[in-house]
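Here is the structure we will look at.
Read-outs throughout are calculated quantities, based only on the coordinates presented, and are distinct from any laboratory measurement. Given the structure is predicted, the values throughout are model-derived calculations rather than measurements. Cβ coordinates were reconstructed from backbone atoms using ideal geometry, including for glycine residues, and neighbour counts include every protein chain displayed.
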Amino acid sequence: MLRTAADGAGRAYKRELIDLLDVRPGQTALDVGCGPGTDLPALAERVGPSGAVLGVDRDPAMLAEARRRTDALPMVEIREGDAIALPVEPGTVDRAKIDRVLMHVAEPAEVLAQLHLVTRPGALIGLVEPDWDTLVVDAEDLDTSRAFTRYTTAHAVRNATIGRSLARLAVRAGFTVETVLATTPVFRDFQDADHTLGLGRNTQRAIKDGHIDATRGHRWFAGLSEGPFFASFTLISVVCRKPER
């Protein structure tokens, strides 16, 4: 997660999202699924000493790292909790974000309902998710590249195409959609792509599950590291507002 956030595309979409959220001094900002706390310092800078930043995650290792990196920021509080049962008082949050979390949860609609519950009228909420149907990996064996994307979408990620559905889900949850943006992270380094996109591990799983022929799959993966590399996918950002009373 840290490596993904630190690359050029990662920095760009995160900065753009926080800018669109228009976080202001004195506000309360919530980061659901804050992970290792990558975005918490930026939010803390925006709310200032009179504001508050709440980071929520359920993974103990992530919580420990988030606390470590925000130890010198008294306006930041890290809370252990689940996205479908947020440890936040209803109607107390001015700005909220959730980044690459909904693709993993069993019921994304329940998470959006929680965000509706804990935010104030007029609050802005930022949602960011990939659409793994758009994953492309350059290779001479185009059929295996396509089979890899199909496997990723159908089996490797729980809600693999949720990025395209964010605006619709936000409206159903009672929000008004204000902005929809698409970003295309590009990978030209094989090792970074393998780490972030799970090329090796998902190829092995696809072979084991019978979705990719073993000989072709091993040859395809080996060939990715031999020459110039290219892969990309689409990341969708939605900023929505909770209507005033």
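For residue 133, what is the net charge nearby, where nearby means another residue's Cβ is under 15 Å from its Cβ and Lys, Arg count +1, Asp, Glu -1?
+2
Averaging sequence separations of C-alpha pairs under 8 Å and six or more residues apart, then dividing by the length of the chain, give the relative contact order as a whole percent.
In percent, rounded to a whole number, it is 20.
Distance in nm between label sites at residue 222 and residue 164, each 7 Å beyond Cα in the beta-carbon direction?
For residue 222 paired with residue 164, the spin-label model returns 3.5 nm.
Of all beta bridges DSSP finds with both residues in the chain, what is the antiparallel percent, to the nearest 5?
Among the beta bridges of the chain, antiparallel pairing accounts for roughly 50 percent.
Determine the sum of side-chain charges near residue 67: Lys and Arg each +1, Asp and Glu each -1, restricted to other residues whose C-beta is under 12 angstrom from that of residue 67.
Around residue 67, the surrounding residues sum to -2.
Check the straight Cα-Cα distances from residue 14 and name the lysines below 25 Å, setting aside those fewer than 8 residues away within the same chain.
Within reach: 97, 242.
Using the Karplus curve 6.51 cos²θ - 1.76 cosθ + 1.60 with θ = phi - 60°, work out ³J(HN,Hα) for each residue of the range 227-242 in order, rounded to whole Hz, and write x for Gly and Pro.
For the range 227-242, the Karplus curve yields x, x, 10, 8, 8, 7, 8, 9, 10, 10, 10, 10, 10, 10, 10, 7 Hz.
Once phi is turned into θ = phi - 60°, what whole-Hz ³J(HN,Hα) does the Karplus curve with 6.51, -1.76 and 1.60 give for every residue of the range 31-37, x standing for Gly and Pro?
Once rounded to whole Hz, the list reads 10, 8, x, 5, x, x, x.
Show that you can apply the helix-only estimate: for the chain, add -39,500 (n - 2.57) for every DSSP H stretch of four or more residues, divide by all residues, and state [θ] at 222 nm to the nearest 500.
Dividing the helical sum by the residues of the chain leaves -11000 deg cm²/dmol.
Rounded to the nearest 5, what % of DSSP beta bridges with both residues in the range 1-145 are antiparallel?
Among the beta bridges of the range 1-145, antiparallel pairing accounts for roughly 5 percent.
Given points 7 Å out from each Cα along the Cα-Cβ axis, report the residue 138 to residue 72 separation in nanometres with one decimal.
4.2 nm
Rounded, prolate or oblate: pick one for the range 165-231, where a ≥ b ≥ c are the square roots of the eigenvalues of its C-alpha gyration tensor, a/c under 1.5 means rounded, and failing that, prolate if a/b is larger than b/c, else oblate.
oblate
Let's see if you can work this out: charge +1 on each Lys and Arg Cβ, -1 on each Asp and Glu Cβ, no other charges. What is the dipole magnitude of the range 138-229 about its Cα centre, in debye to the nearest 20?
Using Cβ point charges on Lys, Arg, Asp and Glu, the range 138-229 gives about 540 debye.
Could you give the length gained by full extension between residue 180 and residue 80, i.e. 0.36 nm per residue of separation minus their alpha carbon distance, to one decimal place?
Gain on stretching residue 180 to residue 80: 33.0 nm.
Let me know the charge dipole size of the range 41-197 about its Cα centre in debye, to the nearest 20, where only the beta-carbon of Lys, Arg (+1) and Asp, Glu (-1) is charged.
Around 540 debye, computed over the range 41-197.
Can you tell me, using C-alpha contacts under 8 Å and at least 6 residues apart, the relative contact order of the range 82-172 as a whole percent?
Relative contact order for the range 82-172 comes out at 33 percent.
Name the residue farthest towards the positive end of the dipole of the chain from the options 186, 17, 147, assuming +1 on Cβ of Lys and Arg, -1 on Cβ of Asp and Glu, about the Cα centre.
17
Which longest uninterrupted range of the chain lacks any GluC sites (Glu not before Pro) assigned by DSSP to a loop state (not H, G, I, E or B) and surrounded by at most 15 other Cβ atoms within 10 Å?
Looking at the chain, 1-139 is the longest stretch - no exposed GluC sites (Glu not before Pro) with at most 15 other Cβ atoms within 10 Å.
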